[in-house]
Amino acid sequence: MLFLNRGKKSSKLTKRRSLKMAIITTLAASTFAFSNIPASAASNFKLTTVYYVYLNETYIGTVSNKEVVDTIITEKAETLKETHKDVNLQIAPQVEYISEQVFHSTANNLEAVDNLEKAIQFQAEASAIVIDGKPVVYLDSRETAEEVVRNLKLKYVTAEQLTELEARKASTSNTLPALKENETRLLDVVLSENVAVQAEKIEPEKIVSVDEAITLLQKGTLEEKKYVVKEGDVLGSVANDNGLKLEELLVLNPDIKEDTVLKIGQEVNITALKPYIEVIVTKEMNQKEDIPFTKEVENDSTMPKGETKVKQEGKNGSRSVTFAISEKNGNIIKKEVASETVLQQPVDHIVVMGTKVIPSRGSGSLAWPTVGGYISSEMGYRWGSMHKGIDIARPSNRTIKAADNGVVVSAGYSGAYGNKIIIDHQNGLRTLYAHLSSIDVSVGQTVSKGSHIGVMGTTGNSTGIHLHFEVFKGGVNQNPLSYVGK
């Protein structure tokens with residue numbers, strides 16, 4: 001319905017009565033004066049009717065014809081009906097007229113119309129969504145307001161889930177069957193604040209659509225503030241200058257990433273969202289999960305150190321677990337295990353590791369072959385050919401050490417390698433040491449891990465004092481950095 005606001009009765013009523021008394025007095029005086037005028041002179045006078053207009057008992061002005069006012073009210077009402085077709089309008093302006101016959105008209109139609117347009121305020125019957133006792137947004141009907149609340153929930157659950165939940169709540173049965181594997185069940189959907197719908201009388205312009213109402217409730221505003229990027233702006237400064245954290249700015253602008261370079265003139269959303277309400281969803285979810293197997297190591301003193309064998313292959317188990325989950329606006333705020341059932345126990349993975357130290361056999365773990373130093377050249381293509389190992393230069397001293405236990409299978413001069421040593425570690429690995437200034441071991445000699453085998457030099461094809469170090473596994477060249485650290 002559409003109504004006009006009413007003013008304070010007492011003072012306005014007194015004013016109206018005073019004006020009525022003035023009119024009556026004027027009329028009486030006019031009648032007395034007119035009665036004393038000769039008939040021949042009286043015929044020269046002509047009385048004119050004027051109308052004193054009151055809106056909600058407040059004097060608006062004087063018009064020569066009541067239609068002047070009625071036309072304004074009708075036109076404004078028709079305009080409102082046209083622009084608010086879905087709003088139930090009822091024209092009920094409290095307009096009153098007091099007529100008077102006067103010799104000289106005091107009517108001022110333009111002034112009265114102007115005052116009327118400023119004073120008249122049409123109102124419509126609406127339904128307000130009230131949060132904690134305060135009207136926040138207005139809809140055209142209770143049904144539309146309830147649709148907004150429902151659609152707000154449907155942002156985070158499906159219509160089928162919500163319908164099933166409502167039917168379950170209406171049922172007298174409180175027993176829920178156990179969840180099936182990988183099944184999810186809605187337990188409740190509530191709003192973060194106390195919400196009610198109540199009738200209100202407000203200006204039609206304040207009534208919004210369903211989508212606008214949802215936006216307002218979720219964001220706290222219908223209008224987003226924009227910032228125009230200027231020279232020198234970066235994401236951090238834009239966020240800070242507008243009272244936001246960088247994370248908040250990125251959430252407001254999904255198309256912008258942390259490493260995005262801003263462009264001058266680019267618009268950035270800086271609306272600090274303050275939702276009126278949030279949707280809290282509680283649900284339970286069943287999942288079948290693996291139970292990881294554990295790894296166990298058993299030492300065997302009869303096996304050579306560095307040698308291993310699998311005693312038992314590991315196998316994951318499985319469990320059926322039900323989680324209790326709480327979400328706020330789609331974000332998980334709590335997830336707890338409500339119950340679980342072990343479906344299959346895991347099988348441990350057991351490895352037997354040898355601990356018997358054999359001087360001629362390596363452990364499989366290679367030590368750094370120099371006393372300090374740095375890698376001056378890594379494995380890879382260099383100068384048009386493949387560099388098969390790593391070069392180590394500038395050590396603390398020039399001692400070269402065996403990378404692991406083994407047997408020397410080569411020790412002597414070898415062309416571009418210069419003085420070279422090869423050690424077979426008797427476990428599939430071999431290591432090569434080149435460009436030595438001196439060799440201090442011989443072929444067939446058993447060496448232990450870390451023992452002195454030679455001195456760094458620059459023999460063979462070398463541009464400076466360094467150690468060229470290679471690793472082979474099963475006869476295939478390997479990257480030494482996969483076996484030793486820098």
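Before moving on, here are some points about what is shown:
- Where only DSSP H runs of four or more residues are counted, the chain gives -7000 deg cm²/dmol as its mean residue ellipticity at 222 nm, each run worth -39500 (n - 2.57).
- Sparse packing (at most 13 other Cβ atoms within 10 Å of the Cβ) combined with a DSSP loop state is found for the following chymotrypsin sites (Phe, Trp or Tyr not before Pro) in the range 350-457: TRP383.
- Links that overshoot a 30 Å alpha carbon limit, given the list LYS257/LYS328; LYS155/LYS257; LYS226/LYS334; LYS245/LYS328; LYS153/LYS335; LYS309/LYS449: LYS226/LYS334
- Karplus (6.51, -1.76, 1.60) ³J(HN,Hα), θ = phi - 60°, over the range 205-212, in Hz, Gly and Pro reported as x: 5, 7, 6, 10, 7, 4, 5, 5
- Compared with the dominant principal axis of the Cα atoms in the chain, helix 109-119 is inclined by about 40°.
- Inter-part distance where the range 117-164 and the range 320-368 are each reduced to a Cα centre, Å: 51
- Rounded to 10°, Cα long-axis angle of helix 142-153 versus longest principal axis of the chain: 10
- Candidate values (i) 62, 57, 46; (ii) 159, 66, 34; (iii) 72, 57, 45, label of the one derived for Cα extents along the principal axes in Å: (ii)
- Here is the list for the range 291-325: GluC sites (Glu not before Pro) lying in DSSP coil, each with at most 15 other C-beta atoms within 10 angstrom of its C-beta, are GLU313.
- Inter-part distance where the range 404-429 and the range 222-254 are each reduced to a Cα centre, Å: 64
- Seen from ILE270, the other residues with C-beta closer than 10 Å to its C-beta sum to a net charge of -2, counting Lys and Arg as +1 and Asp and Glu as -1.
- Least to most buried among VAL148, VAL371 (fewest other Cβ within 10 Å first): VAL371, VAL148
- Label point distance in nm, LYS257-TRP383, each placed 7 Å from Cα along Cα→Cβ: 4.1
Read-outs: derived from the displayed coordinates by stated rules, not from any lab. Note that the coordinates shown come from a computational prediction; the quantities given were computed from them, not determined experimentally. Quick reminder, even Gly has a Cβ in these numbers, built from the backbone with ideal geometry, and neighbours come from all protein chains shown.
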